Amino acid sequence: MIAALNGFTQQMIAANGVKINAVTGGEGPPIVLIHGFPQTWWEWHHVMPLLAARFSVVAVDLRGAGFSECPLDGYDKATLAHDVHAVMNALGHQRYAVCGHDIGGMVALALAATHRDAVSHLAILDVPLPGWSEWEVTVARLWHFAFHMNRDLPERLIYGREYDYVSAFIAERIYDHNSYDPADIDIYARALALPGRTRGGMEWYRSLDADHAAALEYKKQPLDMPVLALGGDQRFGSRMVPMLEEFATNVTGGAIERCSHYVPDERPNEVASALIGFLSAR
């Protein structure tokens, strides 16, 4: 099954030396949505139609995921951010809002820090960020960070078991399992099973030491654009605002109730409403 969304068009865009799959639709000021692991652009498919009436929506597959290319290098968050910026420029968007979840939130932060004149608004959903004062102690408690950072081993163990891995991985991080369609698991598992994509996802984690060092430099020049920090109340929700206040001067947000990590899937109406209010505020 190839994920497709009514009213949206998929296209491959040459960006920063790679081809990136971008899904576009809607009208109005532009916003780019960036997914996390083990997902693709499809993680936004509930949110995108809710935004499209007021915004030009772009959702991308990161380098190494979905239908985007998966080269041997370039998986640090700054390079992934350059990919996204190049996509937006290719689509004619010189200034835009960005929203990222999970790994996509790390990319969104790097994008805002390295392309400050281009990013009008920054929204980050439920993720510990490299550069955060609690980064090391938090990462030490997350088993999958260490597992994914191993060279070659995860690819070998996950191969042929993509559905088992994705389903167990997501189930561990969902509050209300009725909010998640099993068909979505199949979409992500099939994407992860494409050649090179498991390696691509693991490379996002293998770059985290370099990402942490880069983010510590970002903090020396705090972001001044509006920032929305949201998370599930069962995951990082209570820590999102103080975390982002280490990087930016104008932060709002908080926790979404009865929600865990996969915020766009579990609470798409709340996410879309928060984004619309955030982007529409003067």
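The values are calculated or read from the model by the stated rules, or taken from the named source; none is laboratory data. Just so it is clear, the structure is predicted and the values come from calculations on it, not from any experiment. Note: ideal-geometry Cβ built from the backbone for every residue, glycine included; neighbour counts use all protein chains shown. The area values use the complete protein model at the heavy-atom level, side chains included, leaving out ligands, DNA and RNA. Shrake-Rupley method; radii C 1.70, N 1.55, O 1.52, S 1.80 Å.
Some notes on this structure:
- Database remark: amide H of GLY196 closer than 5 angstrom to no amide H (H placed geometrically; neighbours at sequence offset of 5 or more, or on other chains; Pro and chain starts carry no H).
- A straight Cα-to-Cα reach below 14 Å connects LYS220 with the aspartates and glutamates GLU245, GLU246, residues fewer than 8 places away in its own chain not being considered.
- Projected over every direction and averaged, the convex hull enclosing the alpha-carbon atoms of the chain yields 12.8 nm².
- Taking every DSSP bridge with both residues inside the chain, close to 30 percent are antiparallel.
- Over the chain, relative contact order from alpha-carbon pairs under 8 Å, at least 6 apart, %: 19
- Distance between region 189-220 and region 236-282 - C-alpha centres, whole angstrom: 23
- Within the accessible surface of the chain, defined with a 1.4 Å probe on protein heavy atoms only, the carbon and sulfur portion equals 51 percent.
- Whole-Hz couplings from phi, Karplus 6.51/-1.76/1.60, listed for region 72-89; x for Gly and Pro: 6, 9, x, 9, 5, 5, 5, 5, 4, 5, 4, 4, 5, 4, 5, 4, 4, 5
- For region 87-195, the relative contact order works out to 18 percent when only alpha carbon pairs closer than 8 Å and six or more residues apart are counted.
- Radius 10 Å from Cβ of ILE187, net charge of other residues (Lys, Arg +1; Asp, Glu -1): -3
- Under a 5 Å amide H cut-off, with hydrogens placed 1.01 Å from N, GLY253 pairs with ALA229 among residues at least 5 apart or on other chains.
- For ALA97, residues with placed amide H under 5 Å, excluding near neighbours: ILE31, VAL32, SER120, HIS121
- In this structure the chain gives 40 Å² per residue of accessible area when probed at 1.4 Å with all protein chains present.
- Region 10-87: antiparallel DSSP beta bridges as a percent of all, rounded to 5: 70
- Whole-Å distance, taken between Cα centres, linking region 3-66 and region 141-156: 27
- Remark: region 124-132, residue by residue, has Karplus-estimated 3J(HN,Hα) of 10, 10, 6, 7, x, 9, x, x, 5 Hz, where x stands for each Gly or Pro and the curve is 6.51 cos²θ - 1.76 cosθ + 1.60 at θ = phi - 60°.
- Hits among aspartates and glutamates - C-alpha to C-alpha of LYS77 under 17 Å, sequence gap 8 or more where chains match: ASP61, GLU69, ASP102, ASP126, GLU203, ASP209, ASP211, GLU217
- Residue-wise HN-Hα coupling along region 203-213, computed from phi with Karplus coefficients 6.51, -1.76, 1.60 (Hz; x: Gly, Pro): 5, 4, 7, 5, 8, 5, 4, 5, 5, 5, 4
- Mean separation of Cα contacts under 8 Å, 6 or more apart, over the residue count of region 163-277: relative contact order %: 27
- Protection proxy ranking, peptides 159-172, 239-252, 24-37, average beta carbon neighbours within 10 Å, highest first: 24-37, 239-252, 159-172
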